[in-house]
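Here's the structure, in structure tokens; my notes come after.
The values are calculated or read from the model by the stated rules, or taken from the named source; none is laboratory data. Computed from a prediction, not measured in an experiment: that's the story for all the values here. Heads up, the Cβs are rebuilt from the backbone with ideal geometry, glycines too, and the neighbour counts pull from every protein chain shown. Just so you know, the surface numbers come from the protein's heavy atoms only, side chains and all, with ligands and any DNA or RNA stripped out. Shrake-Rupley method; radii C 1.70, N 1.55, O 1.52, S 1.80 Å.
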There are 2 protein chains.
Amino acid sequence: MSLTELLPITDLNDCCAPITREPMKADGAEKLARSLKALADPARLRLLSIVASHEDAEACVCDLTEPLGLSQPTVSHHLKVLVSAGYLNREKRGTWAYYSLAPHALETVSGLLGDL
Amino acid sequence: MSLTELLPITDLNDCCAPITREPMKADGAEKLARSLKALADPARLRLLSIVASHEDAEACVCDLTEPLGLSQPTVSHHLKVLVSAGYLNREKRGTWAYYSLAPHALETVSGLLGDL
DNA sequence: CGCTTATATTGACAATCGTCAATGCAATAG
DNA sequence: CTATTGCATTGACGATTGTCAATATAAGCG
């Protein structure tokens, strides 16, 4: 996945007309596929799920490395993919980086799948 | 994606308890990731969308090759991925193979994302 | 200033993926 | 039977991915 080309989830809203039964255009299909690819990894799904179940729905990298059983650079990499795709927000406070769920990102992509 | 290990979508229903705010287990994350990976490709999203917008929601390979601009073997490959993941059903009638949407597959995965 | 701690980046590697040309396999037509 | 048509499979190829070790950056502490 090329990180530099990821679009925020909000751009997905115009990937396809919501009600019509027309086939998806190539452009919309690529946008949606990019958003799904960012989600389609067990480590990233667990990261989202751990963040979601934390108090205040935020967590720092140190909270995430051990439960996943992956190295710290690998966790940082997955977090970057999720931020680039618009699923997570990143806030740096002091030495720590706190990740939190982006408000409607998951609902948006989930809704688009339902309309497919 | 290893085609032999794909599970039917129905198996996703026990990938994680629906309401709880517990982090996903590794096993459930892998199942859901496999289902999402099958979806996370522009050609496959367009295939689903074309099938969905057809009369009777079914189409043969000959209907699908030209609108995608991909070779026939490539289209057959993508269709196989979608069938293995449980998104499409395949019925052979005479020389033709007709693909149709599996009834609740997309809703299931879409619902799981919403609960994440 | 140097030392420690938390996170990010780089570079490498094996594994997987998407694609096509060539070929195989069934089912129908003649 | 042979020829044709629709689809599947195989094998190859470059491209992308997930992972880690090593290194870099940056913030706080002494």
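Hey, among the residues in the stretch A:9-33 that are open to solvent by 70 Å² or more (accessible area, probe 1.4 Å) and more than 8 Å from chain B (Cβ to nearest Cβ), which one's modelled with the lowest pLDDT?
Only one residue fits best here, namely A:Ile19.
Looking at the stretch A:37-61 only, could you name the residues that are within 10 Å of DNA strand C (Cβ to nearest atom), facing chain B (nearest Cβ under 8 Å) and either of a type in the set (Val, Ile, Thr) or in a helix (DSSP H, G or I) (or both)? Lay out the reasoning, then the answer.
Step one: filter the stretch A:37-61 for residues within 10 Å of DNA strand C (Cβ to nearest atom), giving A:37, A:40, A:59-61.
Cutting the leftovers down to facing chain B (nearest Cβ under 8 Å) gives us A:37, A:40.
Within the stretch A:37-61, A:Lys37 is the sole residue that qualifies.
This table checks each residue for (1) within 17 Å of the chain's Cα centre (by Cα); (2) away from DNA strand D (no atom under 13 Å from the Cβ); (3) away from chain A (no Cβ under 11 Å); (4) not in a helix (DSSP H, G or I).
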position: B:Pro73; (1), (2), (3), (4): no, no, yes, no
position: B:His77; (1), (2), (3), (4): yes, no, yes, no
position: B:Lys80; (1), (2), (3), (4): yes, no, yes, no
position: B:Gly86; (1), (2), (3), (4): yes, yes, yes, yes
position: B:Asn89; (1), (2), (3), (4): yes, no, yes, yes
position: B:Lys92; (1), (2), (3), (4): no, no, yes, yes
position: B:Tyr99; (1), (2), (3), (4): yes, no, yes, yes
position: B:Ser110; (1), (2), (3), (4): yes, yes, no, no
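I'm told A:Leu48 meets every condition in (1) at pLDDT 90 or above; (2) surrounded by fewer than 21 Cβ atoms within 10 Å (Cβ to Cβ) except one. Can you identify the failing condition by its number?
Result: A:Leu48 passes all but (2).
Name every residue in the stretch A:70-80 that is under 20 Å from A:His54 (Cα atoms) and open to solvent by less than 60 Å² (accessible area, probe 1.4 Å), in order of residue number. So that I can check it myself, show each step before the final result.
Applying the first criterion (under 20 Å from A:His54 (Cα atoms)) to the stretch A:70-80 yields A:70, A:72, A:75-76, A:78-80.
Hits for the stretch A:70-80 are A:Val75, A:Ser76, A:His78, A:Leu79.
Please find, among A:Asp41, A:Asp115, the residue that is open to solvent by 20 Å² or more (accessible area, probe 1.4 Å) and at pLDDT below 95. Outline the logic, then answer.
Details: A:Asp41 fails: at pLDDT below 95.
None of the other options fit; the residue is A:Asp115.
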